[in-house]
Each structure stands twice: as C-alpha cells, then as structure tokens.
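The values are calculated or read from the model by the stated rules, or taken from the named source; none is laboratory data. Predicted model, so just to flag it, every value in this text is computed and none were measured. Using ideal geometry, Cβ is built from the backbone for each residue, glycine included, and neighbour counts are taken over all protein chains shown.
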Amino acid sequence: MDSIVVTGGRELSGQIHIAGAKNAALTLMPATLLSEEPLTLTNAPRLSDIKTMTLLLQSLGAEVTSMQGGKVLAMSSHGLNGDRADYEIVRKMRASNLVLGPLLARHGQAVVSLPGGCAIGARPMDIHIHALEALGAQIELKEGYLHAVAPSGLKGARVPLRFASVGATENTLMAAALAKGTTIIENAAREPEIVDLATCLRKMGAQIEGDGTSTITIQGVDRLHGATHPVVIDRIELGTYMLAPVIAGGEVECVGGRMDLVTAFAERLAQAGVEVTETPVGLKVRRANGRPHAVDVVTEPFPGFPTDLQAQMMAMLCTAEGTSVLEEKIFENRFMHAPELIRMGADIEVHGGTATVHGVARMKGAPVMATDLRASVSLILAGLAAEGTTQVNRVYHLDRGYEHVEDKLRAVGADIERVPGS
C-alpha cells in the first residue's frame, strides 16, 4: 500500500491548477442514464472514484469513453440494459447511490446496493428513499439492496427534505426531470455541485428553476437529449491548496479558483490573518505576518464552512497562535485525524462533535495513518510545516479525491514523494 513522505520546512511558491470537482463529476455521470443521447463531460478529474463510477455505469450497459488523459468523458446510455447496481462496485464509493433516481426515472425500476465510502459516520439513505417515495416509487430493503419500482411511473410532488442532503437533492432532481408534472424540492441543498447538475440537466432539456436556493422547482419533460458540459472546479481541492502556503509559508496562486465557491472558508482565513487576493486566473494566497491566528469553525451546509475542509483547517490551526474550537455539525466521527495530528505534536482535545486546538509553535514529523479522504490530505498539509519527515500511510483514500497531489505540491517547492507499497 502506497505512502506519502513529506519533509517539512520549505516555503511554497508558484501556481497550482485546480481540477474539476469530484463531487460534481460523480453526480453528472449518472445523468447520462436519463437519456439515450450522448452526454460529454469536460474538465473531469482523474480520480479512482471516477473509475469506479465508470465501472458502475458500464455494468448497467452504458458506454463510457475516457479521452484526453481522462479529462473528457464521453458517455452514452442508448443501449442501457441493466437496472442492478451490485455491492461489489457500490461498496467502494458512496456516490454510487446516485444511479437510483435516474434508473427509476428511465426504467421504472432499480436494484441498488446500500453504498460504502469513507468511514466518517452515518449518512442515511432514508432521506433519498422518502423523497423518491413522494414521487411515487415503492422501495423495499432486502438483503442489503434497495429494490425500487414505480409501477405507475414517477409523478411530480412536493418533496420536503428533513435535512438539506446533497445526495438526496441530486437523486430527486434527476428523477423529477422525467417525472410527470411539477416537483418542488423544499429544504434543498444549495451546494455549487447542485447548481452544476441543474445547469447540465437544463442543457439536456430539463426545466429546472431555483437551484442554488432552498426551493427547487422541476417541471418534468418526456425525454432529455444529449449535451456537452464542463465540470465545475473542485472547491474542496481549492480550499485544500489555499491552506498549503498558510501552513508551510510562501505564496501560491490557485489557478481556476473562484471566491464564490469558498466564501465562508475565505472569511475564516481572513480572520486568521491570511491574505486571499483575486487574480485574473484564480486566487493568490499567503499568510500576512508570521503564524496565523486561531479562529473558531462550525461546519454547515453550503454556503457555510464545508465539512470537507474541516480536517485540513484543523491541520493549519495546530500551529496557529491561540486556541481554536472546531464544531462538526454535519457528520459524527469525523475527528479521526486528530489522534494522528497529536502524534505529530499537536495539542488537541476532542469531546463529541467539538475539537479544541491549542496552537503550538512547531510540529514534528512522524509516521501517521490516514483514516479517510480528507484526513489523508490534512496529514500531508501538517507535514509541510513539521520538523523532519512525516510518512502518511494508507493513502489509497487520497486517490479517491485528489489527482497527483504529490506532483502539484512538488511543483510549488514541497519536498514530497510517493513511496510505492510492497
């Protein structure tokens, strides 16, 4: 199993190009199931999760061709011949559940395994189930699989979500695009990935209004056609690399970065004494004077502070001046990186969903173990500033969400390498 080895103490300088969003691409790919005509995605990220979704779509009879080194995905579901998403594929990635809505809309039935993914607490499927049942689906859980049918077809309805779930909003949005009549999603998620999906579906002929707000209205149509759509840039990768020069020192320009994607995050950086400047090609980041200042963070649905940047923010706050409090309100069990940071000399106390971080002047390199995707990169970031060498083990999580992280950081001056496992 590969490891990432980082030797700290080098300031960073240069540009990092931000990839297309993993969470957007994994939502856009199942949209091909809604139409017999081709859907082409450009600016696709080159990640293991994309390969997993490709295998899943191919198992259903879709054609997926990767071009231009993986940055373009040409898909077609004209020969769709399956409606079963098997456990062996779905267990690898939670986003696999996003085939449920499109299969129901196109085929009137679907059998989808309960999903897997990072071990960061429960992310219940009941919100998805209740939403699709509101549209007329009948769903039963048998032997780890959701068996869904819509004997009379899907019909538009009012769909109030008890939580602003991104996945449930996406599944409902895709299913409603082909449902009869009008669907109104209340308490919808507002993330940029939702807007990106709605934009793509409109290009395919869907009638959607209100994406980016808490109320989305969909007027169902009889069929969708093909389209070409660029994947929005990855705001989580953007935030991650914005933190790199804050932790290590120096100045980095994140090419493709947009402030509207990371507003709440950038506000916390400003409070910590970090300068974020918009440039003609992206965002330039540097820490203004010495160590950053402590700040408090509460994770919230978009447009609040993203849960997917909490681990990386904690790594930065470990060497900030003062005491910071991080409150995780989205997922339980998402402080598993804290014990590993403590191995590097961090001073962190965790009580339930709250972590208190007392900044230290310097951390020390150590062998650490990644527990999930965002924890992996938080440990790499911590290693950029630590004395000595940090070896991050079990980085297979990393390749699910970051393409060539060691190459991107090395290009701006980091001493980092990937060591192949035996």
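For segment 363-422, a residue qualifies if it is basic (Lys, Arg), at pLDDT 95 or above and part of a helix (DSSP H, G or I), and the qualifying residues are Lys408, Arg410. So, Asp347, is that one among the acidic types (Asp, Glu), surrounded by fewer than 24 Cβ atoms within 10 Å (Cβ to Cβ), under 21 Å from Thr299 (Cα atoms) and assigned by TED's automatic domain parsing to the domain that holds Thr299 or not? Yes, satisfied. Exactly one residue out of Lys51, Lys92 is of a type in the set (Lys, Arg) and under 30 Å from Val412 (Cα atoms): that is Lys51.
Candidates Val252, Val262, Val231, Val221: the one that is of a type in the set (Val, Ile, Thr) and surrounded by fewer than 20 Cβ atoms within 10 Å (Cβ to Cβ) is Val221. Exactly one of these conditions fails for Leu146: (1) closer than 15 Å to Leu104 by Cβ; (2) modelled with pLDDT of 95 or more; (3) aliphatic (A, V, I, L, M). Give me its number. Checking Leu146 against (1) closer than 15 Å to Leu104 by Cβ; (2) modelled with pLDDT of 95 or more; (3) aliphatic (A, V, I, L, M), the one that fails is (2).
Screening Gly210 against (1) touching a Phe, Trp or Tyr at 6+ places or on another chain (Cβ under 6 Å); (2) without any contact (Cβ under 8 Å) to a residue 40 or more places away in the chain leaves a single unmet condition, (1). In segment 300-334, of all residues being touching a Leu at 6+ places or on another chain (Cβ under 8 Å) and free of Cβ contacts under 8 Å to residues at least 40 places away in the same chain, the one that is farthest from Pro245 (Cα to Cα) corresponds to Leu326. With the condition kept exactly as written, say whether any residue in segment 324-343 is in contact with a Gly (Cβ under 8 Å, 6 or more places away or on another chain) and of a type in the set (Val, Ile, Thr). No, because not a single residue in segment 324-343 is in contact with a Gly (Cβ under 8 Å, 6 or more places away or on another chain) and of a type in the set (Val, Ile, Thr).
With a cut-off of at least 2 residues that are outside the structural domain of Val412 (by TED's automatic domain parsing) and within 30 Å of Gly136 (Cβ to Cβ), name the helices (runs of 4 or more DSSP H) lying wholly within segment 163-275.
Result: 166-177, 192-203.
Looking only at segment 306-330, residues that are more than 15 Å from Ser378 (Cβ to Cβ) and within 15 Å of the chain's Cα centre (by Cα) come to 1 in all.
Restricting Thr27, Thr52 to those that are surrounded by fewer than 24 Cβ atoms within 10 Å (Cβ to Cβ), part of a helix (DSSP H, G or I) and of a type outside the set (Asp, Glu) reduces the list to Thr52.
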